[in-house]
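What follows is a set of notes on a single structure, which appears directly below.
The values are calculated or read from the model by the stated rules, or taken from the named source; none is laboratory data. Computed from a predicted structure; not experimentally measured. We place every Cβ from the backbone using ideal geometry, glycine too, and count neighbours over all the protein chains shown. Calculation scope for accessible area: heavy atoms of the full protein, side chains included, ligands and nucleic acids excluded. Shrake-Rupley method; radii C 1.70, N 1.55, O 1.52, S 1.80 Å.
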Amino acid sequence: MASELELAAARRLLAAAGSLVVLTGAGISAESGIPTFRGPGGLWRNFRPEALATPEAFARDPLTVWEWYLWRRGLIDAAEPNAGHRALVTLEQRYERFTLITQNVDGLHDRAGSRRILKVHGDLWHTRCTGCAYQRKDRALAYPALPPPCPECGAPLRPGVVWFGESLPRIVWAEAERAVAQADLLLVVGTSAQVYPAAGLIDLARCAIEVNPAATPFSSRVAVALAGGAGEILPALV
Ligand code: NAD
Ligand code: ZN
């Protein structure tokens, strides 16, 4: 658990920064009961990602892929944003230049009230067409038929998330890189920092703070590494 001294050092960095970027990963939603991918109880322990979260899997078996995503939607729908998500809303209000970059697709930052969000891995509450440019916000927890057909062209609709082997949304990614490179401080929360290119963002930062109960490849390189859960550490910081 982070010491009072470490927390004080992090608070000083936050107070001195004129601009702030926050990068979140699955860990910030762990205390809302949403499984992370790689930790204990991580989603990938029980499912093979290559069987579910790839374009090939969707082409082969869209029904199973959709069932998995609808199951995750149900799980997330029943969950609530936690104190960590809420602390980031408070932080956003303190900085004129603030960006929240998230690898999460769960939408809990939106539900907590964060506004300036760059979703580099897409959004589970977003659906788009595999055949045309059609897309929509989508709160459905079930459909009459799977995969749901596009209302414009009839092709199968797919979850609006980034799958393994797919590139990140170009404009969103460019904005994320620019925000990190220009910010005085980067706050990294709940990411194992193993997934490139997202982990590459941390390399662009001038100065960084990390919040994670476990050590990551970046813990030894950031200005302050705060050991602990986001729901406890972030409220203590703000
Ligand atoms: P990850 O599963 O690789 O790593 C999660 C990290 O969170 C670990 O380092 C773990 O130590 C840390 N953690 C666990 N509990 C925490 C807590 N209470 N507070 C703070 N940190 C905690 O997840 P990742 O780094 O985000 O990368 C994996 C990919 O998984 C991302 O691409 C993301 O899109 C996807 N993902 C998203 C969700 C979601 O939307 N909630 C869930 C699982 C995976
Ligand atoms: Zn279409």
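Numbers for the structure displayed
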| quantity | calculated |
| --- | --- |
| Over the chain: helical MRE at 222 nm, DSSP H runs n ≥ 4 each giving -39500 (n - 2.57), nearest 500 | -10500 deg cm²/dmol |
| Listed residues 76, 171 arranged by accessible area, highest first, probe 1.4 Å | 171, 76 |
| Under 5 Å, built H, 5+ apart or other chain: amide partners of residue 187 | 21, 22, 23, 209 |
| Contour minus Cα-Cα distance for residue 56 and residue 133 (0.36 nm per residue) | 25.7 nm |
| Considering only the chain, percent of DSSP beta bridges that pair antiparallel, nearest 5 | 30 percent |
| Cα-derived Rg over Rh, computed across the range 1-143 with Rh taken as Kirkwood radius | 1.02 |
| Solvent-accessible surface (1.4 angstrom probe) belonging to residue 184, in square angstrom, nearest 10 | 60 Å² |
| Per-residue HN-Hα couplings for the range 165-174 [Karplus 6.51, -1.76, 1.60; θ = phi - 60°; Hz; x = Gly/Pro] | x, 9, 7, 6, x, 4, 5, 4, 5, 4 |
| Trypsin sites (Lys or Arg not before Pro) restricted to the range 136-217 and DSSP loop, no more than 16 other C-beta within 10 Å | 139, 206 |
| Efficiency of FRET between residue 47 and residue 221 - r from beta-carbon atoms, R0 30 angstrom, step 0.05 | 0.40 |
| Angle between the chain longest axis and helix 62-77 axis [Cα atoms, degrees, rounded to 10] | 40 degrees |
| Cα centroid of the range 98-123 to Cα centroid of the range 216-236, whole Å | 19 Å |
| Rounded to the nearest 20 debye, dipole of the chain from Cβ charges on Lys, Arg, Asp, Glu | 260 debye |
| Efficiency of FRET between residue 155 and residue 11 - r from beta-carbon atoms, R0 45 angstrom, step 0.05 | 0.30 |
| Angle between the chain longest axis and helix 83-94 axis [Cα atoms, degrees, rounded to 10] | 70 degrees |
| Residue-wise HN-Hα coupling along the range 114-128, computed from phi with Karplus coefficients 6.51, -1.76, 1.60 (Hz; x: Gly, Pro) | 5, 10, 8, 10, 9, 9, 7, 10, x, 8, 5, 9, 9, 10, 9 |
| Charge context of residue 157, other residues only, Cβ under 9 angstrom, K/R +1, D/E -1 | +2 |
| Vicinal HN-Hα couplings computed from phi for the range 175-188 (Karplus, 6.51 cos²θ - 1.76 cosθ + 1.60; Hz; Gly/Pro x) | 5, 5, 4, 5, 4, 5, 5, 8, 7, 6, 8, 10, 10, 9 |
